[in-house]
Amino acid sequence: MSKKTEISFEQALTELEQIAENLERGQLTLEESIKSYERGMELRTLCQSILAEAEGKIEYLSKSGSGETQKKTASPKSETSSRAATPPADDDELF
């Protein structure tokens, strides 16, 4: 994947979204679909790599003085409010 240094995360994501739209329309030839799918997989891998690297940097930057990682959510939610909105599922209700 030689395009890693040539394309930003945002550009890769935009291209990936366009590929997905084109494939969903079903108007591509088989050969075009295969090439698009291959490019999409390259972009997916690139995006995952960039996100993993960013996550590593964030964890490094958020280490406490003792060396332990301080994991915090970006927007903390109250557990009681999220639980009240979605009651536990009962397997009997599914059938």
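General remarks:
- Counted as qualifying within the range 7-95 are the helices (runs of 4 or more DSSP H) with 3 or more residues that are modelled with pLDDT under 95 and not aromatic (Phe, Trp, Tyr), namely 30-61, 79-85.
- Residue ID - most open to solvent (accessible area, probe 1.4 Å), chosen from residues in the range 29-53 that are among the hydrophobic types (A, V, I, L, M, F, W, C) and under 13 Å from residue 12 (Cα atoms): 51
The values are calculated or read from the model by the stated rules, or taken from the named source; none is laboratory data. Everything numeric here is computed off the predicted structure, so don't read it as measured data. The area values use the complete protein model at the heavy-atom level, side chains included, leaving out ligands, DNA and RNA. Shrake-Rupley method; radii C 1.70, N 1.55, O 1.52, S 1.80 Å.
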